[in-house]
Amino acid sequence: FDPQILAATALSGTSFSSPPAGLTTPAALVVGIDPAFRNPRSLQVAATVEEEVTPKLSLSAGVLHNSTWRLQRRVDLNLIPPVANAVGLPVFPSARRYPTIGRLLINESSAHSDYDGMLFSASEQVTRRSSLLANYTLSQTNDDDSNSGPFSIDAALNPFDLKAERASSNQDIRHVLNLSAIFDLPFGFKCN
């Protein structure tokens, strides 16, 4: 915003019927919500098998798939369709569809995300009151907008071709390994 608006407001009251003369408003940011905005929908499918190898050792393996549609994303609708450069990247003209404002960010419910994971676990009873647990997850997360909320970057490279945004998600973590143990100590204490 133009900092002059604060001084103008203090001198003439708190409301204007139009922007005061001398303000630099062409770069104003306008944010809105698409009237067709809908809440996300998700489908999750999972399967797990567990086997007791010995009375003290059990193993399990599972798969998980999750798809989520209609995720929120902000798209700049004040751009003119781009022309691709020599390497195929979009180059936008400096002119705007609505020259009196800068970015026109509209919240849409058009993003999509997929998660696929395989989970492996081993649990062993070391003593009557002590145990070890190991978990490993191999997964992949893809989406076409890794939105992190209202303070994230609106990073669609080309709002005229949102399908081209599909790639590994910012939340993609391929390998996760965690180990935990519980050991009994004297006097009823436990160590985790």
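The values are calculated or read from the model by the stated rules, or taken from the named source; none is laboratory data. For clarity, every value in this text was computed on a predicted model and none was experimentally measured. Methodologically, a virtual Cβ is constructed for each residue, glycine included, from the backbone with ideal geometry; neighbour enumeration extends over all protein chains shown. Surface accessibility is based on the protein's heavy atoms, side chains included, excluding ligands, DNA and RNA. Shrake-Rupley method; radii C 1.70, N 1.55, O 1.52, S 1.80 Å.
Numbers for the structure displayed
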quantity	calculated
Val53/Leu177 FRET efficiency (R0 22 Å; Cβ-Cβ; nearest 0.05)	0.65
Neighbourhood charge, 14 Å Cβ-Cβ cut-off, centred on Arg128 and excluding it, Lys, Arg +1 and Asp, Glu -1	+1
Pairwise centroid distance, computed over Cα atoms, of the stretch 118-157 with the stretch 25-47, Å	25
Positive-pole candidate from Leu29, Val53, Asn39, dipole of the stretch 23-93, charges at beta carbon	Leu29
Extension gain, Ile80 back to Ile101 (0.36 nm per residue minus Cα-Cα distance, nm)	6.2 nm
Among Asp161, Asp145, Asp172, residue whose mean-square fluctuation peaks in a GNM of the chain (springs only between Cα atoms under 10 Å)	Asp161
Pair Gln44, Phe160: separation of 7 Å Cα→Cβ label points (nm)	4.0
Where N is the number of residues in the stretch 57-125, Cα Rg divided by 2.2 N^0.38 Å	2.04
Net length gained if the chain between Arg128 and Val91 were fully extended (0.36 nm per residue, minus Cα distance)	6.6 nm
FRET efficiency, 1/(1 + (r/R0)^6) with R0 35 Å, evaluated for Ser67 and Ile33 via beta carbons	0.90
Cα radius of gyration and Dmax for the chain (Å)	26.8, 82
Within-9-Å neighbourhood charge of Asn142 [Cβ basis; K, R +1; D, E -1]	-4
Accessible area of the chain belonging to carbon and sulfur atoms, whole % at 1.4 Å probe	62
Mean accessible surface per residue for the chain, computed with a 1.4 Å probe while every protein chain stays in place, in Å²	69
Dipole axis of the stretch 127-192 (+1 Lys, Arg; -1 Asp, Glu on Cβ), positive-most option in Ser131, Asn147, Asn178	Ser131
